[in-house]
Amino acid sequence: VQEKLVERKPKQGFYVSAGGSRRLPTVAIFSETKGHLYENQTNRLVRGFQERNCLTIIVDIGEFCSNKARQGEILEDIVGRDLFGMVIDGVGDFPYDLVARLSPRLPRIAFFNRFESRLEFKAVYVLTDSLRGISDAAAHLARKYRRPMFVIHDLSIARENVRHTSGDDCVSAYRKTARKFKLPELVFFDNGRNLSDLEEIMGGAGRPDAILAMGDFRAKKIFDICKRQGLKVPGDVALMGYYNTPWAEMLEVPLSSVSIREELIADTVVDRMMEDRFRPDKIYVRPELVLRESA
């Protein structure tokens with residue numbers, strides 16, 4: 001009644017007000033819709049905006065980025081719906097240039113999780129502080145072990161698919177922490193085909209006594225190698241993953257991991273987008289170590 005959406009008629013009840021209808025604000029969300037981590041985060045964003053009386057348009061960012069021929073058409077169609085704002089998981093192969101061209105027609109823009117572009121936007125950025133997460137995890141291992149190793153995706157492969165990657169920065173953060181503790185800077189680049197090389201390293205005399213794997217699924221591969229070679233986790237090799245997905249609790253030995261606190265990122269995006277006065281800003285969310293038996 002206060003919003004003039006319905007009117008009260010004495011002794012009759014409530015009726016929809018003919019002159020009180022209004023369009024709900026619409027937010028377009030470009031994010032991952034599948035997977036252990038990002039599906040839950042997307043659902044959190046949707047619930048958050050809907051609880052603030054917003055309509056939401058969900059675009060699977062993986063399918064969108066692969067459909068290069070229609071990206072401009074899709075963005076133009078969505079922006080043409082008189083959007084309240086657009087929320088984007090800032091993956092490397094997102095067409096930032098198209099969004100920049102349409103930005104004058106977008107009252108509010110937010111990037112979350114990451115921002116892998118050199119363009120600048122008048123936007124809210126709610127980003128995981130991945131460098132802090134790597135450093136915290138590496139420091140945790142370095143305090144107890146003498147030959148830790150970092151396992152990350154092959155950066156040369158990543159560069160073929162994206163214009164910019166933060167992988168170099170993650171490796172630099174790990175190496176900086178290793179130097180701080182006066183430890184060897186051991187890094188293995190996983191290209192998906194060099195598992196035998198990793199097996200050889202794990203079976204050698206100078207094998208690492210602790211491993212930080214960029215991704216819980218990589219930690220699972222390393223756990224399986226240890227098992228085949230008769231190495232005990234954490235007795236012979238301590239193991240820590242990243243992203244704190246359900247993989248972490250599926251292993252025989254519960255896996256320590258790093259949570260990016262994806263729900264906090266989603267809640268912060270909603271809060272900042274829905275403020276009465278939009279304030280472009282850059283917010284870094286510090287990841288959290290979730291310690292279990294493996295490390």
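Can Ser135 be described as in contact with a His (Cβ under 9 Å, 6 or more places away or on another chain) and over 21 Å from Val270 (Cα atoms)?
No: the conditions fail for Ser135.
Residues are listed down the side, and each one gets a yes or a no for (1) within 30 Å of Met86 (Cα to Cα); (2) open to solvent by 20 Å² or more (accessible area, probe 1.4 Å); (3) at pLDDT below 95:
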| position | (1), (2), (3) |
| --- | --- |
| Gly133 | yes, no, no |
| Met149 | no, no, no |
| Val162 | yes, yes, yes |
| Gly167 | yes, no, yes |
| Met202 | no, no, yes |
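Out of the range 1-51, which residues are in a strand (DSSP E or B) and either without any contact (Cβ under 8 Å) to a residue 24 or more places away in the chain or in contact with a His (Cβ under 9 Å, 6 or more places away or on another chain) (or both)?
Val6, Glu7, Arg8, Lys9, Gly13, Phe14, Tyr15, Val16 - these are the residues of the range 1-51 that are in a strand (DSSP E or B) and either without any contact (Cβ under 8 Å) to a residue 24 or more places away in the chain or in contact with a His (Cβ under 9 Å, 6 or more places away or on another chain) (or both).
Name the single residue that is most open to solvent (accessible area, probe 1.4 Å) among those in the range 274-295 being assigned to a loop (DSSP other than H, G, I, E, B) and aliphatic (A, V, I, L, M).
Here the answer is Leu291.
For the range 247-255, state whether one or more residues are under 19 Å from Asp136 (Cα atoms), at pLDDT 95 or above and within 20 Å of the chain's Cα centre (by Cα).
Within the range 247-255, one or more residues are under 19 Å from Asp136 (Cα atoms), at pLDDT 95 or above and within 20 Å of the chain's Cα centre (by Cα).
Identify the residue in the range 107-120 that is without any contact (Cβ under 8 Å) to a residue 40 or more places away in the chain and more than 17 Å from Ile58 (Cβ to Cβ) and, among all such residues, is surrounded by the fewest Cβ atoms within 10 Å (Cβ to Cβ).
For the range 107-120, the residue satisfying everything is Glu120.
Does at least one position in the range 138-147 carry a residue that is within 30 Å of Ile61 (Cα to Cα) and either open to solvent by less than 60 Å² (accessible area, probe 1.4 Å) or modelled with pLDDT of 95 or more (or both)?
No; the residues of the range 138-147 include none that is within 30 Å of Ile61 (Cα to Cα) and either open to solvent by less than 60 Å² (accessible area, probe 1.4 Å) or modelled with pLDDT of 95 or more (or both).
Would you mind telling me which numbered condition in (1) farther than 19 Å from Pro287 by Cβ; (2) open to solvent by 70 Å² or more (accessible area, probe 1.4 Å) Lys180 fails?
(1)
So which residues in the range 244-273 are touching a Phe, Trp or Tyr at 6+ places or on another chain (Cβ under 9 Å), under 23 Å from Thr128 (Cβ atoms) and in a loop (DSSP other than H, G, I, E, B), if there are any at all?
Thr245, Leu255, Ile260
Consider only pairs whose beta carbons are under 7 Å apart and that are at least six residues apart or on different chains; among these, list those whose first residue lies in the range 183-196 and is farther than 16 Å from Arg207 by Cα and whose second residue is open to solvent by 20 Å² or more (accessible area, probe 1.4 Å) and assigned to a strand (DSSP E or B).
Listed by first residue and then by second, the contacts come to Asp190/His153.
Spot the failing condition for Ser66; the list is (1) surrounded by 15 or more Cβ atoms within 10 Å (Cβ to Cβ); (2) over 20 Å from Val269 (Cα atoms); (3) touching an Asp or Glu at 6+ places or on another chain (Cβ under 9 Å), and only one is missed.
Result: Ser66 fails condition (1) only.
Under 6 Å between Cβ atoms, at least 6 apart or on separate chains: pull out the pairs that start in the range 209-224 with a residue that is under 16 Å from Ser259 (Cβ atoms) and end on any residue that is polar (S, T, N, Q) and crowded, with 24+ Cβ neighbours inside 10 Å.
Taking only residues 6 or more apart or on different chains, the pairs are Asp216/Ser257.
Please work out if Val124 is surrounded by 21 or more Cβ atoms within 10 Å (Cβ to Cβ), on the phi < 0 side of the Ramachandran plot and under 16 Å from the mean Cα position of the chain (by Cα).
Spelling it out, Val124 is indeed surrounded by 21 or more Cβ atoms within 10 Å (Cβ to Cβ), on the phi < 0 side of the Ramachandran plot and under 16 Å from the mean Cα position of the chain (by Cα).
The values are calculated or read from the model by the stated rules, or taken from the named source; none is laboratory data. Being a predicted model, the structure only gives us computed values, none of them experimental. Note that we place each Cβ from the backbone using ideal geometry, even for glycine, and neighbour counts take in every protein chain shown. These accessible areas exclude ligands, DNA and RNA; they are computed on the full protein's heavy atoms, side chains included. Shrake-Rupley method; radii C 1.70, N 1.55, O 1.52, S 1.80 Å.
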